[in-house]
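Visitor: Please read through the structure below; I'll follow up with questions.
The values are calculated or read from the model by the stated rules, or taken from the named source; none is laboratory data. Since the model is a prediction, treat every value here as computed from it, not as a measurement. Reconstructed Cβ throughout: ideal geometry from the backbone, glycine too, with neighbour counts over all protein chains shown. Keep in mind that these areas ignore ligands, DNA and RNA; they rest on the heavy atoms of the full protein, side chains included. Shrake-Rupley method; radii C 1.70, N 1.55, O 1.52, S 1.80 Å.
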Amino acid sequence: MTEPITTMPSPFRMDYTYVAGTGRSVFLRGLAERRLMARCCAGCEQVYLPPPEFCSRCLRELEPPFELDGRGVVSTFCVVSFPFPGQRIDPPYVVAHIQPHGAGTRLMHLVREVEPEDVHIGMAVEPVWVSDDELDTSLLSIRHFRPVHYGGADA
Amino acid sequence: MRDVAVVSFAQSPCQAANRRDDMADILLPVIREAVYAAGIGRDDVDFVVSGSHDFYEGRTFSYIESLDAVGAWPPISESHVESDAAWALAEAWSWLQLGEGDIALVYGIGRGSLPADLDQVVPAQLDPYFLAPLAPHRDAIAGLQAHAAIEAGLTSEQGMAEVVVRCLDAATGNPLAQRSGQVDVARLLDAPYVSSPLREHDVAPIGDAAAVVVLAADDAARRLAERPAWVRGLDHRMDTHYPGVRDLTTSPSTRRAVGRAAELAGFTTSDVDIAELHTEYSHQEAILTNALELNGAVVNPSGGPLAGRPVTATGLIRIGEAARQIRDGNADRALAHATSGQALQQNLVCLLEGDG
């Protein structure tokens, strides 16, 4: 009886162009200047960060972009403690949803400069930007968020 | 059966590469145009269904991004096919037949410009055992089919060039075409081969566009369109996956689909005034004309895919264009054909009719 073939090589490599679109481009270009650009929907008053070109609820173009300072609070987080291929930093580390003040949506990023066990929902955080020569049209222009203390108390 | 009709159609211009708009941005104005032309609001749409392919987008569940342009907030009946959007229209037609609602919005997004090299992508659509390891050129299987079709006497390089000349000439009347103009056969035949006997002009130019069709049933259709393009018959079939098993000069699945569609419609393709065929290559027009038994119909008055092929929107555009000819009063009966897969592997036939 013929032994079944159980494995065979299937080497695929596919390169793609991604098109950011006009809405995302506003946000990404802002990041290269250490600016967080948000946009508001005049229909439902949702403030998007990052903003698309139009509101997916009202289907109308968003209002002109305006800048937020990036300070906000941790709305939820988890501690990644498992190593995986391609990981950029050693576990354990904190991945969080940040709710920037003035935004109706949340931004996902790292929270560092704090022990994971000291992070909590509602913690006030601020962005830590990379140096000038590392700035790019990328969320990696923000190195991470870190706790910010207003006179010792959380916001 | 319920009477279901195309009441509205819109598409964005076929572009070789749209680097400005993301998926939702391409789609939103086209949905607006189609919905506005039908004289309805978003809330009047009972069902939304789309077609696109992750191979072209380079990420999984890519079509989810397009839902931002739909207003996809619950409760919504929504679906997607991983294929040409003509198959999404088939799903919408079935859904309307079930009587769940009266108005369906069908859209197709095709962005063939995103893969940096289609020669990397096409093998991924083939079987991983016998074909993919060979890494055939994107047009190689079509070249096999074209050569076989010429050898069988169905067409010739000259005949294929004549198809291209006719289509590009027709496309001069289509402002949304990617390619158009007056060219002559002798000049086309001077061009080098891409994958012999195919030259560049024989290969439908791949690009980016979105298309939207609004379907409505019974009284809704009569209310929304002055002259609805009734879908009288629709069927789709597929041939086996491995091209080596098939006689590439014939298209049994097209023959079977048109047979069933004609049975539903109560008229045959010899009664059809115009036919929009999803010809990804010029030689396929002869194979399809045979399989469909077209007799005197004007083929691809829009210019057809040889004037613009926004990948998975291309088949839906055939239905939209065929319906347009009826709605504008240029045709009483029309045929639309869509294909998917290599060398006409899967085929869909839609027979449309205007009120007499």
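Visitor: Among the residues of segment B:185-207, are any in contact with a strand residue (DSSP E or B) (Cβ under 9 Å, 6 or more places away or on another chain), part of a helix (DSSP H, G or I), open to solvent by 70 Å² or more (accessible area, probe 1.4 Å) and without any contact (Cβ under 8 Å) to a residue 12 or more places away in the chain?
Guide: yes
Visitor: Somewhere in segment B:99-109, is a residue touching a helix residue (DSSP H, G or I) at 6+ places or on another chain (Cβ under 8 Å), at pLDDT 95 or above and open to solvent by 60 Å² or more (accessible area, probe 1.4 Å)?
Guide: The answer is yes, given that some residue of segment B:99-109 is touching a helix residue (DSSP H, G or I) at 6+ places or on another chain (Cβ under 8 Å), at pLDDT 95 or above and open to solvent by 60 Å² or more (accessible area, probe 1.4 Å).
Visitor: Scan (1) open to solvent by 10 Å² or more (accessible area, probe 1.4 Å); (2) more than 16 Å from B:D84 (Cα to Cα) for the single condition B:A322 breaks and write down its number.
Guide: It is condition (1) that B:A322 fails.
Visitor: Right, next: Does A:T105 satisfy being of a type in the set (S, T, Y) and at pLDDT below 95?
Guide: No.
Visitor: Condition first: open to solvent by less than 10 Å² (accessible area, probe 1.4 Å) and closer than 20 Å to B:G296 by Cα. Now tell me which residues in segment B:339-356 satisfy that.
Guide: Across segment B:339-356, the qualifying residues are B:V349, B:C350, B:L351, B:L352, B:G354.
Visitor: Which one is farthest from the other protein chains (Cβ to nearest Cβ), of the residues in segment B:69-78 that are open to solvent by 30 Å² or more (accessible area, probe 1.4 Å) and modelled with pLDDT under 90?
Guide: So, considering only residues that are open to solvent by 30 Å² or more (accessible area, probe 1.4 Å) and modelled with pLDDT under 90, the one farthest from the other protein chains (Cβ to nearest Cβ) is B:P75.
Visitor: Further, regarding this structure: I'd like the full set of residues that are touching a helix residue (DSSP H, G or I) at 6+ places or on another chain (Cβ under 8 Å), hydroxyl-bearing (S, T, Y) and more than 12 Å from chain A (Cβ to nearest Cβ), limited to segment B:23-58.
Guide: B:S50, B:S52, listed by residue number.
Visitor: Within segment A:38-45, is there a residue that is without any contact (Cβ under 8 Å) to a residue 60 or more places away in the chain, within 14 Å of another protein chain (Cβ to nearest Cβ) and either acidic (D, E) or open to solvent by 40 Å² or more (accessible area, probe 1.4 Å) (or both)?
Guide: Yes - at least one qualifying residue is present in segment A:38-45.
Visitor: Looking at B:Q125 and the list (1) away from chain A (no Cβ under 14 Å); (2) of a type in the set (S, T, N, Q); (3) surrounded by fewer than 20 Cβ atoms within 10 Å (Cβ to Cβ), which single condition is not satisfied?
Guide: Among (1) away from chain A (no Cβ under 14 Å); (2) of a type in the set (S, T, N, Q); (3) surrounded by fewer than 20 Cβ atoms within 10 Å (Cβ to Cβ), B:Q125 violates only (1).
Visitor: Which one of B:I31, B:I40 is open to solvent by 10 Å² or more (accessible area, probe 1.4 Å) and either of a type in the set (A, V, I, L, M) or not in a helix (DSSP H, G or I) (or both)?
Guide: Only one candidate passes the filter, namely B:I40.
Visitor: Quick one: which of A:V19, A:V80, A:V119 is within 14 Å of another protein chain (Cβ to nearest Cβ), more than 13 Å from the chain's Cα centre (by Cα) and either without any contact (Cβ under 8 Å) to a residue 60 or more places away in the chain or surrounded by fewer than 18 Cβ atoms within 10 Å (Cβ to Cβ) (or both)?
Guide: Exactly one of A:V19, A:V80, A:V119 is within 14 Å of another protein chain (Cβ to nearest Cβ), more than 13 Å from the chain's Cα centre (by Cα) and either without any contact (Cβ under 8 Å) to a residue 60 or more places away in the chain or surrounded by fewer than 18 Cβ atoms within 10 Å (Cβ to Cβ) (or both), namely A:V19.
Visitor: Take the residues of segment A:122-146 that are without any contact (Cβ under 8 Å) to a residue 60 or more places away in the chain and among the small types (G, A, S): which is farthest from A:R35 (Cα to Cα)?
Guide: By that ranking, first place goes to A:G122.
Visitor: Right, another one. Against the condition open to solvent by 60 Å² or more (accessible area, probe 1.4 Å), within 14 Å of chain A (Cβ to nearest Cβ) and touching a residue at least 24 places away in the same chain (Cβ under 8 Å), how does B:R20 come out, does it pass?
Guide: no
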